[in-house]
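Written below as structure tokens is the structure these notes are about.
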Amino acid sequence: SVASNNKVFQFKLVLLGESAVGKSSLVLRFVKDQFDDYRESTIGAAFLTQTLHLADDTTVKLEIWDTAGQERYRSLAPMYYRNANCAVVVYDITQPASLEKAKVWIEELHKQADPNIVIALAGNKADLEARRAISTEEAREFAEEAGLLFFETSAKSAENVLELFTALAQKMPFEQ
Ligand code: GDP
């Protein structure tokens, strides 16, 4: 038999952000490489897994918790982020209010989540450039100051979706 150094690590990832920014669509793109223009809203939370093969024979299995953005599910969120290793906080580059909401989530994560949580800010719907209302620079500056990974993504075109999840996976603590 062939000796293998392959190590498998499992981490928990939570998606947060205002309703309709594209959280479920990002997960659908990442897990199934699909996009649906007429998705039903997530109720409560949905759970999916995806496996990434990183360099050095490291395999990362991400347990993805996609939370509903509606205000009435707000109080459930701590259940999902409490023992998360990483979080993707999503806003929509055409909706300035969604970035304000993302900032509130990030503040809450910094106060309430595991202090070692790795957070990425994702400006989704980057394909809608003509309707852009938040500049890349403004969001990047905020992300840098807050110590977040930052990507502009499109679940529709697939731009930066794999890059986003891979960047988080690479930041996970791989014990020996
Ligand atoms: P969620 O409520 O945050 O999970 O958002 P959804 O994933 O349900 O997406 C809300 C709506 O935005 C749906 O109509 C999606 O098809 C659409 N959508 C999601 N991501 C994108 C994207 O990257 N580009 C465009 N143009 N539309 C998107």
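Annotations for the structure displayed:
- A helix-only calculation puts the chain at -9000 deg cm²/dmol for mean residue ellipticity at 222 nm, using -39500 (n - 2.57) for each DSSP H run of at least four residues, averaged over all residues.
- Cα-only radius of gyration and Dmax that characterise region 42-176, units Å: 14.9, 47
- The label point for PHE9 and the one for GLU100, both projected 7 Å from the Cα toward the Cβ, are 3.8 nm apart.
- Mean Cβ count within 10 Å, highest first, over the residues of peptides 168-174, 122-128: 122-128, 168-174
- Looking at the chain alone, DSSP beta bridges between its own residues are antiparallel in about 30 percent of cases.
- Straight-distance candidates among the aspartates and glutamates for linking to LYS156, with alpha-carbon spacing under 12 Å and chain neighbours fewer than 8 residues away dropped: ASP33, ASP36, ASP37, ASP127.
- Highest average packing first - 14-24, 135-145, Cβ atoms within 10 Å: 14-24, 135-145
- Using a Förster distance of 25 Å, the FRET efficiency for LYS171-VAL31 (Cβ separation, nearest 0.05): 0.80
- Here the label points at LEU162 and ARG39, each 7 Å from Cα along the C-beta direction, are separated by 1.9 nm in the simple model.
- Full-stretch length increase - THR136, SER19 - with 0.36 nm per residue and alpha-carbon distance subtracted: 40.0 nm
- Nearest-10 value in Å² for the accessible area of GLU163, using the 1.4 Å probe: 90 Å²
The values are calculated or read from the model by the stated rules, or taken from the named source; none is laboratory data. Keep in mind the model is a prediction, meaning the values are calculated, not measured. Cβ coordinates were reconstructed from backbone atoms using ideal geometry, including for glycine residues, and neighbour counts include every protein chain displayed. Ligands, DNA and RNA are excluded from the accessible area calculation, which covers all protein heavy atoms including side chains. Shrake-Rupley method; radii C 1.70, N 1.55, O 1.52, S 1.80 Å.
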